[in-house]
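Down below is the structure, laid out as structure tokens.
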Amino acid sequence: MPNNGGCDFVADPRNSALIQPIFWTPQADPATLPFTAGPNPAGELRLLVEDLHAHAIIEHDPDLIRLTVRGESHDVALVDVDDARPLGAFILFDELTPDRLTAVERLWHAMFGKRVPPDPRITPQRRQRARQMLRAVDARASGAIYRTVAEHLFPRYKIDAASWVGDPIREITIRLARDGTKLVRGGYRTLLRRPRRDR
């Protein structure tokens, strides 16, 4: 790559982060599925390397590709594959195994023309809360007090300065700012996982 000081970059430093394709490792993102050559399946349904490449929209390298199947993106890592042998998904056994199984199920449905279940990681409610958290963090970083933040986040809610200390909206606003701070300090990776009660 020109003008990079002779260094190789995983990402092109000339591209904005808004357009740069981001690939996560299977260890970080349970929806990045490692596939390897496997035994012949019992039935007629099988998946070959060419099937994945037929849906590829980005090939980061020969072994890491992004697919679009039925309007949704899926990242796949190919490990020791053989063009002639069917593929099997390699599922790591760890705390994210349930998330990985969900990702396998969604890709299976997509590849074989079934109705794809929704991604349980980014629900509309979780997306809305993440947006509010980031707004709260930005406002606090700009010097806004919590009551001002609350007035902008919840414009339909009448906030009374006299009863602000005991107002439930105050507690919600403080939690949004607190959780948003965790998000921008590396906690954003939790968005790659399904919500858990213990988080």
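The values are calculated or read from the model by the stated rules, or taken from the named source; none is laboratory data. Owing to the predicted nature of the structure, the values given are computational and were not obtained by experimental measurement. All Cβ positions, glycine included, derive from the backbone under ideal geometry; neighbour counts span all protein chains shown.
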Would region 68-80 turn up any residue that is in a helix (DSSP H, G or I), at pLDDT below 95, in the same structural domain as Gln27 (by TED's automatic domain parsing) and farther than 29 Å from Gly186 by Cα? no
Taking the criterion of being over 15 Å from the mean Cα position of the chain (by Cα), modelled with pLDDT under 90, assigned to a loop (DSSP other than H, G, I, E, B) and outside the structural domain of Asp61 (by TED's automatic domain parsing), would at least one residue in region 159-182 satisfy it? yes
Where Val116 falls short, out of the listed (1) under 30 Å from Glu50 (Cβ atoms); (2) over 18 Å from the mean Cα position of the chain (by Cα); (3) among the aliphatic types (A, V, I, L, M); (4) surrounded by 12 or more Cβ atoms within 10 Å (Cβ to Cβ): (2)
Got a sec? Which of Met133, Met111 is surrounded by 17 or more Cβ atoms within 10 Å (Cβ to Cβ) and out of contact with any helix residue (DSSP H, G or I) (no Cβ under 6 Å at 6 or more places or on another chain)? Met111
Filter result (assigned to a loop (DSSP other than H, G, I, E, B), touching a residue at least 24 places away in the same chain (Cβ under 8 Å) and β-branched (Val, Ile, Thr)) within region 96-152: Val116, Ile122, Thr123
Cβ-Cβ below 8 Å, separation at least six or inter-chain, first residue in region 155-169 and within 21 Å of Gln132 (Cβ to Cβ), second basic (Lys, Arg): which pairs? Ile159/Arg147; Trp164/Arg147; Trp164/Arg170
